[in-house]
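Note sheet for the following structure.
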Amino acid sequence: MQYIWSKIRTHWALIATLLLGIGLRLINITKISLWHDEAFSALLIKYNWGEMIYRIGLDVHPPMYYIFLRLWHYVFGHSIFALRSMSIFFGVLTIWITYAFILKFFKSKFGAIAAALLIALNPFQIQYVSEARMYTMGAFFAILSAYLLALALRLTIKVYKEQNLALKSKMLWAYLGFTLSASILTYTHYYLLFTVAALGFYGIVYLYWNFKFEFKKYLWLVLSGLGIGLLYIPWLNWFIYQVKQVGAGYWIPPMTVWSIPQTLYELIIRIANPGKVAMTIVTAFVLLVLYKFIKKYQEPEKWLNMFGFLAPYGGAILFALLAFLKGSDSSVFLVRYFIFASSFLIMMIALWLEELRVRGMKFVILGFLAVISLFSTFYYWNEVKIDQRPGMDGLAKFLSINVSPEDKIIAGTSFEYFNYKYYHNYVYHQPAGITPTLYTGGSKVENLPHFAGTAILTNDELTLDYNAAVSPHDTVWIIWTTGFGGSKPSVPTNWTEVQEYSFAEVRPYVGAWVIVTRYRVN
């Protein structure tokens, strides 16, 4: 017990920061209704293992997040809280590993606590723990991979330059850890391939700087790279298939000159609808931090941090250039993907603060950034007005009370079919015999775009023709949305609209509505 209290006294600031981070991440965790992408995760993990992996291959993401989530749900269940709690878990681990990274490689207790605090309060990080998706998991393993690589490289110096052979086993374990962690990255999100490439590039530069052409000293890094590549081979065919599938059904909007400034703004402040002046100021601040960080610090890990931060941007720009050369304006730039770069940026801000020499200035600026982060988070919650936006949760609950066993429920869009199906099957159990279907206007699964969720759709779940699906005197409930560019579906002329019920949504964005219209078939 005395040992435990000793550890608590030593690490009280970190423990307090972790508790703060947990508390903020639990706020409203179940109040926002599940949306399309999360429902896809929730439904996918209910297939048997073999079919789950097969259906993941039919989608556009690698499988590791779903594997972790499936194992997680065996322990914690299939509720919305259980599904999202894994994102909280990795979000909190990101606070801890960031603290450990700075303490280990920059020896800065202030920088470590400052970075941990800023991540704990960061509105961008907080938002994405409330989604049952792979973003916070990827953010954690990105920093963990960087930590293990930096450790392995430092131990390489001690083993080969300082002839401290007693550390060789630790070096090998560090390389093995890096290999496994980086492999998890490659299987978590395709954007993280840029991060793995950046870490590998840093490792080569680091060894060249220390050993020049003594290539035998590169052996363990090369073996790590080979290990990552070999571990990826089982997924390679699916990767190629998914790349082609995305190319055939593209939806991400093109980059503009304001894409990067807006992303930098959201990584730090996240107050909606920023003006160009605000985005320019934040971009200038980030550039100042990067310049000062590189100039002030001598530790080689500063470049590892920089590469980790820049990797997603470099990848997005590279794809935009390749698309341009092909005569296309498509991109792979979505703001949420840059959570993988967020922690690297926050570490650099914290270490920049450490180097400020004006008395008390670092505490003033840290306090200012902390207040801005908290304000951004609570401003967002206030603007969202979650209690007034029940979304699909409210709609499903309403139907569970008002639908009769002989009624029919049809989703007019796949973007609301899966989240309704989740609530229908696992939260608000509808009357026996009612099975919701998806109306596609005659298109079968094989003719639908991948982003309609075709990986977990079957033709048995579809309504191809309204008239064939109903009989005279039936009551039909049609679910639709104003989100995703949606509008009210057209129905046969012999249907009479009885009433319409609307529920404001938070996701995919505030301003979207999910609506159910009740019809009587004449």
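You will find that of 471, 400, the residue that is outside any helix (DSSP H, G or I), at pLDDT 90 or above and open to solvent by 20 Å² or more (accessible area, probe 1.4 Å) is 471 and no other. Residues considered: 198, 139. Of these, the only one that is in contact with a helix residue (DSSP H, G or I) (Cβ under 6 Å, 6 or more places away or on another chain), among the small types (Gly, Ala, Ser) and more than 30 Å from residue 419 (Cα to Cα) is 198. Identification of helices (runs of 4 or more DSSP H) wholly contained in the stretch 1-117 with 1 or more residues that are buried (at least 19 other Cβ atoms within 10 Å of the Cβ) yields 12-26, 36-44, 49-58, 64-76, 80-105.
Does residue 179 meet the test of being without any contact (Cβ under 8 Å) to a residue 60 or more places away in the chain and in contact with a Gly (Cβ under 6 Å, 6 or more places away or on another chain)? Answer is yes for this residue. No other residue among 216, 212, 244 is within 24 Å of the chain's Cα centre (by Cα) and free of Cβ contacts under 8 Å to residues at least 12 places away in the same chain apart from 244.
Selection over the stretch 79-125 of residues that are over 20 Å from residue 13 (Cβ atoms) and either within 17 Å of the chain's Cα centre (by Cα) or not small (Gly, Ala, Ser) (or both) gives a count of 13. Within the stretch 144-190, no residue satisfies the criterion of being in a loop (DSSP other than H, G, I, E, B), more than 29 Å from residue 239 (Cα to Cα) and open to solvent by less than 20 Å² (accessible area, probe 1.4 Å). Just wondering, is there one or more residues in the stretch 202-225 that are among the hydrophobic types (A, V, I, L, M, F, W, C) and closer than 30 Å to residue 453 by Cβ? So far as the stretch 202-225 goes, no, none of its residues is among the hydrophobic types (A, V, I, L, M, F, W, C) and closer than 30 Å to residue 453 by Cβ. When the stretch 403-451 is filtered for residues that are touching a Phe, Trp or Tyr at 6+ places or on another chain (Cβ under 7 Å) and part of a loop (DSSP other than H, G, I, E, B), the ones remaining, listed by number, are 403, 407, 412, 413, 436. Filtering 474, 465, 407 for residues that are free of Cβ contacts under 8 Å to residues at least 24 places away in the same chain and either touching a Gly at 6+ places or on another chain (Cβ under 9 Å) or among the charged types (D, E, K, R) (or both) leaves a single hit, 465.
The values are calculated or read from the model by the stated rules, or taken from the named source; none is laboratory data. Computed from a predicted model, the values in this text were never measured in an experiment. Glycine gets a Cβ as well: all are built from the backbone with ideal geometry, and neighbour counts include every protein chain shown. SASA here: full protein model, heavy atoms, side chains in, ligands and nucleic acids out. Shrake-Rupley method; radii C 1.70, N 1.55, O 1.52, S 1.80 Å.
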